[in-house]
Each structure stands twice: as structure tokens, then as C-alpha cells.
1. I need the fraction of alpha carbon pairs in the range 200-272 separated by more than 21 Å, rounded to a whole percent.
2. Take the Cα coordinates of the range 236-317, assign each an equal point scatterer, and use the Debye formula without solvent to give log10 I(q)/I(0) at q = 0.15, 0.23, 0.24, 0.25 Å⁻¹.
3. Local charge sum around Ser279 (other residues, Cβ-Cβ under 15 Å, Lys/Arg +1, Asp/Glu -1)?
4. Based on the inverse mean of 1/r over its pairs of different Cα atoms, what is the Kirkwood hydrodynamic radius of the chain, in Å?
5. Set Lys and Arg Cβ to +1 and Asp and Glu Cβ to -1, take the dipole of the chain about its Cα centre, and tell me which of Tyr12, Met91, Val314 lies farthest positive.
6. Quick one: Cα centre-to-centre distance for the range 1-80 and the range 136-178, in angstrom?
7. Work out the charge dipole of the chain with +1 on the Cβ of Lys and Arg and -1 on the Cβ of Asp and Glu about the Cα centre, then indicate which of Pro281, Leu215, Gly162 is farthest towards its positive end.
8. Looking at the P(r) of the range 1-125, how many percent of alpha-carbon pairs lie beyond 27 Å?
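What follows draws every value from the coordinates through simple rules; no lab data is involved. Only a predicted model underlies this, so the values are computations on that prediction, with no experimental measurement involved. Ideal geometry is used to build each Cβ from the backbone, glycine not excepted, and the neighbour counts take in all protein chains shown.
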Amino acid sequence: MKNAVINGTGSYLPERSVTNQDLEAKLDTSHEWILTRTGISSRHVASEHETTSFMACKAAEKAVEASDIEANDIDLILVATCTPNHFFPSMACHVQKALKISKPIPAFDVSAACSGFVYAMDIARQYITSGTVKHVLVIGSESMSRALDWSDRSTCVLFGDGAGAVVLSASEKSGILASTLHALHDEEALLSYPNYATEPHKAFIGMRGNEVFKLAVNIMGDVVDEVLQDCHLQKSDINWLIPHQANIRIIQAIAKKLNLPMSQVIVTIENQGNTSAASIPLALDYSIREQRIKRGELLLIESFGGGMTWGAMVIRY
Ligand code: UT7
């Protein structure tokens with residue numbers, strides 16, 4: 001059986017950055033509140049032309065460029081997003097067109113909010129390890145700024161836009177070692193983003209932040225134990241934690257649980273905010289390009305989001 005191995009990564013961030021000071025001028029908030037409660041100083045906000053599909057295509061082009069394959073070698077395209085600019089053609093079909101892939105390979109979007117990238121990576125892994133395909137392009141792309149009520153200080157300061165992509169390839173080498181996914185219907189409506197077509201008056205992200213925070217810390221703590229047990233590894237084996245970037249205090253709590261110093265945690269939240277399904281592939285690409293993460297090292301990725309959905313994955317890079 002072949003393993004699913006990270007072959008290349010890429011990412012895209014919108015040109016415009018919005019600082020906490022910019023928000024202070026428009027909202028009843030402060031740089032100090034946002035930074036101390038969340039770890040965020042600024043976030044990238046997409047301009048009109050920087051749609052979710054545009055950013056997905058840019059990140060995908062870079063990931064293919066960084067890999068040892070050509071676009072036409074790709075057998076499957078998956079885009080994790082909760083902010084598509086079209087329901088169909090899917091974001092994945094837009095990427096297929098942008099990469100000029102002439103074969104009618106399967107391409108579809110994955111909807112699992114902030115956990116979307118971990119979900120899409122797990123799907124890709126199943127396709128590869130079953131021997132169905134050799135190369136999968138997995139993308140997380142989000143325009144969170146278009147899903148926000150910019151007068152709601154409890155949500156609009158938290159999110160940002162961007163995209164990250166990974167080419168996963170079948171290989172004899174070690175790759176994804178274990179993966180675990182979960183979902184449980186959000187009975188309490190803690191985190192939601194209604195469809196504009198059916199609920200136009202409340203078609204923005206709504207969140208009961210404090211309750212989501214507590215749930216995220218507990219659940220993420222359990223899921224990292226579960227995924228490590230699945231691959232018979234110890235906390236001390238992990239070289240890098242690449243967490244979903246929702247709040248620096250959640251990230252610190254998970255690092256503490258893993259006995260990992262923050263120097264072994266990839267943190268991008270300060271200048272990107274929470275980019276939902278794009279946050280892990282953005283952090284992964286950033287740390288690979290900065291040569292912080294080296295081949296052979298053990299990575300733990302984990303995420304928690306709307307649904308509620310959550311998951312974690314151990315990867316030998
Ligand atoms: O990615 C998907 C998963 N999402 C998450 O995991 C996010 C989880 N939640 C969080 O990150 C945090 O709960 C928040 C950052 C959203 C909020 O931080 P908190 O420490 O839980 O604050 P809080 O909601 O308990 O609010 C504390 C106070 C409130 O005022 P009162 O009632 O104490 O007077 C809020 O009205 O802070 C107020 N507040 C703000 N003040 C200034 C809320 N938002 C702001 C703001 N600026 N932007």
C-alpha cells in the first residue's frame with residue numbers, strides 16, 4: 001500500500017491588510033482588546049477580484065510549481081471552503097480550468113467550516129491509500145470578509161481571507177500516518193453562517209465565542225490524544241504543531257497539553273487572523289518556505305469549527 005505524502009505546497013494572501021487600528025476607527029473596539037484576547041494584529045481582506053476561486057487557483061499554481069509533477073498529472077481536486085463565490089461550478093472546477101487540466105478528473109468542494117482542510121486531506125488520503133489515484137490537489141480557500149457583519153465587533157475582528165494548497169502524492173515513503181475526523185450537530189447554534197438565499201436578514205457568521213472557546217480547548221485536547229494513539233506515537237515524538245489559527249489562547253492551551261514549547265508551534269494568526277479552512281495550509285506553506293519544517297519531521301495538524309466539526313492528523317513530512 002502506498003502512503004499519501006506532501007509533495008508541494010503553495011499559498012495566496014490578498015494584497016490589502018487591515019490592522020486593528022483601522023478597525024478601532026470604525027468600531028467600539030481596541031487594538032489592545034483584540035491582541036490580548038485573540039493574538040490578532042492584522043488580517044488580509046480580499047479586494048473585489050480576489051474571489052475564493054481566484055485565491056484557490058493562485059495557491060494551487062504555486063503548490064504544483066513546488067511539487068515534482070505537472071498539473072496534468074493530478075487525478076483529483078478538492079477545495080475546502082465555507083465561502084465559495086459559486087455553489088457551482090465548484091471552486092474545484094474553477095481550479096481545474098485555471099490549471100488547464102484537460103482530463104475530466106473528479107473535482108469537488110468540501111464543506112466542514114474551519115475543519116474543511118483536515119477533512120479534505122483525509123478524503124485525499126483515502127483515495128491514495130486505496131490505490132484509486134496517485135496525485136491529489138487539496139486546497140483550503142476562504143473569503144471570510146464577505147461572510148461578516150462588519151458592524152458586529154464580536155465576529156468581524158476575528159477573521160481574514162486567503163488560500164493554501166498541498167499536492168499529496170502516492171509514495172513508498174512515510175506520509176500521513178493517522179487521521180481522525182468528527183462531527184456533532186450544533187444543537188445550541190454556537191457557530192453558524194446561514195445561506196443568503198434562504199435567510200437574507202441573518203446571512204452572516206454568528207458565534208457564541210466564549211462557549212465555542214471552551215469547547216474548542218476541551219475537544220482539541222482529546223483529539224490530539226486520539227490521533228497519536230492511532231499511530232502509536234507519543235507527544236514527545238512531535239516536532240511541529242500546526243494548529244487551526246482561531247485564537248492564540250486556544251493554540252497555547254493545546255501546546256501546553258502536548259508539552260510542546262511555543263517555539264515548536266507554527267503561529268500565523270497575528271497577521272492573518274482566522275482564515276477558516278485556509279489557516280492550516282497557509283501555515284504549512286509558510287513554515288515550509290521559511291525552512292522551519294524539514295523533511296522527515298513529524299507534524300500534528302488539528303482543527304475545530306462550525307458544524308460542529310473537528311479533526312486531527314499526524315504527518316511525516
Ligand atoms: O474557528 C472556529 C472556531 N472559533 C473559535 O474557536 C473562536 C473561539 N472564541 C474565541 O476566540 C473568543 O471567545 C473570542 C475572541 C471570540 C472572545 O473572547 P472572550 O475572552 O471569550 O470574550 P467574551 O466573548 O467573553 O467577551 C468579553 C467582553 C464582553 O463584554 P462584557 O459583556 O464583559 O462587558 C464583550 O462584549 O468583551 C466584549 N467584546 C469586545 N470588546 C472589544 C467582544 N468583542 C469585542 C471587541 N472589542 N471586538
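1. The answer is 34 percent, as a whole percent.
2. For the range 236-317, the Cα-only Debye profile gives -0.48, -1.18, -1.28, -1.39.
3. Numbers: positive: Arg43; negative: Glu142, Asp161, Glu270, Asp285, Glu302.
Taking every other residue near Ser279 into account, the sum is -4.
4. Working: mean 1/r = 0.0518 Å⁻¹.
Kirkwood radius, the chain: 19.3 Å.
5. The listed residue farthest towards the positive side: Val314.
6. Cα centroid of the range 1-80 versus Cα centroid of the range 136-178: 6 Å apart.
7. Pro281
8. Numbers: 2378 of 7750 pairs.
It works out to 31 percent of all Cα pairs.
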